[in-house]
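Remarks on the structure that follows.
The values are calculated or read from the model by the stated rules, or taken from the named source; none is laboratory data. As the structure is a prediction and not an experimental result, all values here were calculated from the model. When we count neighbours, we look across all protein chains shown, and the Cβ atoms used for this are built from the backbone with ideal geometry, even at glycine. Accessible surface areas use protein heavy atoms only, side chains included; no ligands, DNA or RNA. Shrake-Rupley method; radii C 1.70, N 1.55, O 1.52, S 1.80 Å.
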Amino acid sequence: MQKSAAVDQPVHEFIRERWSPRAFSEKAVPAEALRSIFEAARWAPSSSNEQPWAFVVATKDDQQAFAKLLSTLVEANQIWAKHAPVLAIAISELAFARTGQPNRNAFYDTGSAVAHLSMEATARGLFVHQMAGFDPKKAVELFSIPSGWEPIAAFAIGYPGDPESLPQPLRDRELATRTRKPMAEFVMSGSWGQAASFLRK
Ligand SMILES: Cc1cc2nc3c(=O)[nH]c(=O)nc-3n(C[C@H](O)[C@H](O)[C@H](O)COP(=O)(O)O)c2cc1C
């Protein structure tokens, strides 16, 4: 299923075609594609090139690891995410490795790395669905995540599936129109609340 963004301005097809499905096909993601997806994360920019991200990844062929990662998700996410072939958790290092000073951009950089991997996934016909609905404490315990590192978000990776396979109300949400705020609400210049002049045609 396609859910192309109804864009107001032309954008690259990878931006237009990316979306967050809940219906995933059971088709496995080749290891080669996974390597490229995480290579894309590797090349994300970061403050001081700190690269303050790490990923715990579970593929369905490793049933134990998959079940462990799935168990960190809230029930509402488990319902659909259990069908995805790959689950992962994005984790941030909270302090600069060199100085030990807090890195206030660690979450920002980790999000940027996930945005990068999402684009690589889209380019390969794959989709990424990120989830705040998971238990970070449980993830720390189950995966022995060291102190100084914080699980930020979970995500599923896979090929799109049949929306009809979803229970209600998820099926309706899968088919619902994607919406966004207008750019004039968040692209400003001169002063807060003043839409940037280049937005006017
Ligand atoms: C950090 C983050 C957390 C999210 N958490 C959840 C979640 O727990 N469960 C879920 O079904 N979707 C979750 N989403 C998906 C958003 O609902 C989705 O990205 C948003 O509605 C826009 O839809 P689109 O990605 O299809 O454009 C999350 C997305 C992000 C980026």
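Structure above, values below:
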{"quantity": "Selection from the range 117-147 of residues that are open to solvent by 50 Å² or more (accessible area, probe 1.4 Å), more than 13 Å from Val56 (Cα to Cα), outside any helix (DSSP H, G or I) and away from the ligand (no atom under 15 Å from the Cβ)", "calculated": "Arg124, Ser147"}
{"quantity": "All positions within the range 14-36 that are away from the ligand (no atom under 11 Å from the Cβ) and in contact with a strand residue (DSSP E or B) (Cβ under 6 Å, 6 or more places away or on another chain)", "calculated": "Phe24, Val29"}
{"quantity": "Filter result (surrounded by 21 or more Cβ atoms within 10 Å (Cβ to Cβ) and in a loop (DSSP other than H, G, I, E, B)) within the range 148-165", "calculated": "Gly161"}
{"quantity": "Test: residue in the range 16-28 that is closer than 27 Å to Ser144 by Cα, open to solvent by 40 Å² or more (accessible area, probe 1.4 Å) and modelled with pLDDT of 95 or more", "calculated": "yes"}
{"quantity": "Residue, nearest to the chain's Cα centre (by Cα), within the range 98-116, restricted to residues that are within 12 Å of the ligand (Cβ to nearest atom) and open to solvent by less than 10 Å² (accessible area, probe 1.4 Å)", "calculated": "Val114"}
{"quantity": "Within the range 30-71, tally of residues that are in a loop (DSSP other than H, G, I, E, B) and either open to solvent by less than 20 Å² (accessible area, probe 1.4 Å) or farther than 23 Å from Gly133 by Cβ (or both)", "calculated": "9"}
{"quantity": "Qualifying position, being touching a strand residue (DSSP E or B) at 6+ places or on another chain (Cβ under 7 Å), closer than 24 Å to Ala41 by Cβ and more than 13 Å from the ligand (Cβ to nearest atom), among Ala154, Ala95, Ala195", "calculated": "Ala95"}
{"quantity": "Selection status of Val11, more than 16 Å from the ligand (Cβ to nearest atom) and either aromatic (Phe, Trp, Tyr) or open to solvent by less than 80 Å² (accessible area, probe 1.4 Å) (or both)", "calculated": "no"}
{"quantity": "Single condition Ile79 does not satisfy, out of (1) open to solvent by less than 30 Å² (accessible area, probe 1.4 Å); (2) closer than 17 Å to Gly133 by Cα", "calculated": "(1)"}
{"quantity": "Qualifying residue in the range 174-187 (condition: surrounded by fewer than 16 Cβ atoms within 10 Å (Cβ to Cβ), part of a strand (DSSP E or B) and at pLDDT 95 or above)", "calculated": "no"}
{"quantity": "Cβ-Cβ under 8 Å pairs, at least 6 apart or on other chains, the range 44-66 side free of Cβ contacts under 8 Å to residues at least 24 places away in the same chain and over 14 Å from Ile91 (Cα atoms), far side open to solvent by 30 Å² or more (accessible area, probe 1.4 Å) and not in a helix (DSSP H, G or I)", "calculated": "Ala65/Thr59; Phe66/Thr59; Phe66/Lys60"}
